[in-house]
Structure formats: structure tokens, C-alpha cells
1. Could you tell me whether segment 267-288 includes any residue that is in contact (Cβ under 8 Å) with a residue 40 or more places away in the chain and more than 27 Å from S92 (Cβ to Cβ)?
2. Which of the residues that make up segment 96-112 are within 19 Å of I167 (Cβ to Cβ), out of contact with any Phe, Trp or Tyr (no Cβ under 6 Å at 6 or more places or on another chain), surrounded by 14 or more Cβ atoms within 10 Å (Cβ to Cβ) and not small (G, A, S)?
3. So in segment 47-85, with the set limited to residues that are of a type in the set (S, T, Y) and over 22 Å from the mean Cα position of the chain (by Cα), which one is farthest from P164 (Cα to Cα)?
4. So which residues in segment 295-321 are crowded, with 22+ Cβ neighbours inside 10 Å and under 15 Å from V236 (Cα atoms)?
5. Name the single residue that is modelled with the lowest pLDDT among those in segment 205-221 being of a type in the set (G, A, S) and surrounded by fewer than 18 Cβ atoms within 10 Å (Cβ to Cβ).
6. Please enumerate the residues belonging to segment 116-152 that are at pLDDT 90 or above, aliphatic (A, V, I, L, M) and assigned to a helix (DSSP H, G or I).
7. Look at S224 and say whether it is assigned by TED's automatic domain parsing to the domain that holds T310, assigned to a loop (DSSP other than H, G, I, E, B) and surrounded by 17 or more Cβ atoms within 10 Å (Cβ to Cβ).
8. If G123 satisfies all but one of (1) loosely packed, with under 15 Cβ neighbours inside 10 Å; (2) under 17 Å from the mean Cα position of the chain (by Cα), what's the number of the condition it fails?
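The values are calculated or read from the model by the stated rules, or taken from the named source; none is laboratory data. Note that the structure is predicted; figures quoted are calculated from it, not measured. Virtual Cβ from ideal backbone geometry, glycine too; neighbours counted across all protein chains shown.
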Amino acid sequence: MKPTKSPVPSAAAASALLLLLLAFPGAEAHNITRILAKHPELATFNHYLTLTHLASEINRRLTITVLAVDNAAMSELLAKHLSIGTIKNVLSLHVLVDYFGTKKLHQLSQRSTSTSTLFQASGAAPGTAGFVNITDLKGGKVGFGVTEVENVEATFIKSIVERPYNISVLQISQVLTSPEAEAPTGAPSDLNLTEILTKQGCKAFSDLITSSGAAATYQENVDSGLTVFCPPDSVVNGFMPKYKNLTKAQKTSLILYHGVPIFMSLQGLKSSNGLMNTLATNGASKYDFTVQNDGDDVTLKTKVVTAKVTGTVVERDPLIVFKVDKFLQPKELFKATEAAPAPKAGKSKNSNDDSDDDDGADSPDGEPLEDTADDSGFAAELVAGGRLVAGSLLLSLFLPVAML
């Protein structure tokens, strides 16, 4: 008599199912800065999403719709000379906390709907002033307004990116605004970053913030949340020969690279392993680094150096400053100098997986780059590579089960 197959899934099959869930998540990470960087006509809107820290909020959310406007429309908004806090409230009206793709816009059940925005979610909008009304107009047009149902202030122009039901970026004709959004925001705090750094053992780095021209950008970001990684005076002094070889613009980018436009506690760093944008991040110039932790140790890894967080200088929400044991060096400015890992057995010398790590491995230590390569596809390649490995594991696990 032939043995009967057990209806209970094997351990291998269960493991394979778990790998399948991990390898193909329902929602992929997105980066609004990089999405908009491909569209020069939206550059001003993109810049102010970063400056107001709305970009990081958009990137953290799993389901979001961004209503982008072109440079001409942004110029009309900027001509009002609003504070950065007020501009943030206005642009918050352009971030819907729901997914609206082109198909959904033209299939509204009641021809009109009202949806919440980040302005409403922030708590800064009085009553329901943070809602946007969407109306399916005649002739295939779609209107957007923030005051009354079917009041049209802007119309749909085109779709930029749609990833159902993760992120949708749509271009509209005009800036959405209201008296509530344009109301004056609170006065800035009295936190003076350079003064604080000078008093807390980071005078040399504080002096570089001032001399590089980065002080204004740092100070603008203090009130809405700022994390600074400060190399102590001894590290700064040892790094100065390399620093002096940089151009003025490179010095500014390097100093901005040590700031992150969000408040991150030490515990937050430990739970946020992965790529992190900085004050220097701007479109194709990613200027990011990888946060990793091993137990209580937190490291910041670039393609050039790996720095360790050695302590907290000051923590005064919305500002926090950490000390690091090395000057952070981005791959946009310096060639990789750390030893590349030994190749695995059976792996081709020209494998694509190792090409990025080997780039510049034999170059002089800390030599500034003459040209910056665009590696915007690196993250996508990394995800694809991870899925290839996961797919191989799935095949190896399912094959024995299928043969039973």
C-alpha cells in the first residue's frame, strides 16, 4: 500500500512561505525626493519638501498621495514671503493621507470626495481646514479645492508616479492654500546651534559650520527637528589636511552631511537601521549613509568610512547632537578607501555585486573625487539582488516538498 501524504505542511514549506512574505512585501519603500528629481519643472516644490521636512514624513508613510506643482506655481507662493513654518502648512495640504491614482480620480462614487491631508494630521489645522475636496468634473477633468465641496482651485494635469496602493504623485495646476494654512506660525526657538556646540566640546566643528556657509541651513532646521553628528576637536584637527583640498561648495556639502533633518534619539537610531538622508541630500546627490547597530553600539557607514557614535553631547528636543569618532566622508566627495571584503568562492571577479565596493579601493586615502557618479539605481539593484537570493531559497525549499 502506498503511503498517504500528510496534509500538514512540512517545516520546509512553512519556512518557504515565511521567506515569500519577507521577500515580497505589500508596500515598497519610496523616496519622494528622488522621484521628483527626475522632473526639473518640479524642482522648487521638491526643494521645499526637503526644507520643510515634509519629504521625510512622506517617505515614512506606507500610503500617500502627493499633489505636486511646477516652478511657476511655487514662485507665486514664494512671492508672498511666508515663513518656512507657514510654507510647510501650505505644502502639507498637498499631501493626502490616502491613495489616489488616475483611475480612482475618475471613479469617485459621488463625483466628489473629501480627504484628509498632512495639514489636518499635524493638528495645526483648525476644525476641518486640513481637508481637500476632489471633484470629478465634466469632460474628464478633475478639480481640487480646500474651502467648499466642488470649489475648484486647481485641476489635475498628469500623473508622475503611481504605485498602487503605496504612493501616487500627481501634478496639479495651482498651489492649494487657505487663510488657515497661511496663518502666521509660532516664532522660532532660541536654540543657537553653533553656540551650543562651542560650549559642549565641539568648537572646531562649530567653526566649520560657520566658515563653510552651512550655518543658516542648520539653524533653519533646528525648530522642526535636527540631529547633528559632531566629530570632536581632535578628529576635526586631524581631518583638516583633507578638508582644505575641497572646493567651497564641497566643504558646504560635507558639513551639511553631518546633519539629519529630523530629531532622532539614541533609541531611535538603534531602531532605524538603514539608509538615512542628510541636510546635504539633494536629488541625484544622495549624500546618505547607513545606520547600523550591534547591541548598544551604533555606527554610521558610508562607502568611505565607518564612524561610531560615542556619546550624546546635548539632547534638547527638537535638537540632539551626538559625538562620532570619525569625520563622515560621503562617496560623492571621496573615493572608497576601506578594504573591500574578500570575494566568495566561485564568484566571478567582475561580479556586478562587488563593482560598487571595489570602486576606488586602490586610490589615495581621502583624495577628493573629480566627478561624482550617479548611482541612483544602487538601491533598486540591492532590492532586486535580495529578491533573487530569496527566490533561490524558495526554490530550494519547495523542490523537495513538491517531489514528495
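1. The answer is no; no qualifying residue exists.
2. Passing the criteria: L96, V97, D98, F100, T102, K104, L105.
3. S83
4. Passing the criteria: only A307.
5. A216
6. Of everything in segment 116-152, just one residue is at pLDDT 90 or above, aliphatic (A, V, I, L, M) and assigned to a helix (DSSP H, G or I), namely L118.
7. On the way: assigned by TED's automatic domain parsing to the domain that holds T310: yes; assigned to a loop (DSSP other than H, G, I, E, B): yes; surrounded by 17 or more Cβ atoms within 10 Å (Cβ to Cβ): yes.
Criteria met by S224.
8. The number of the failed condition is (2).
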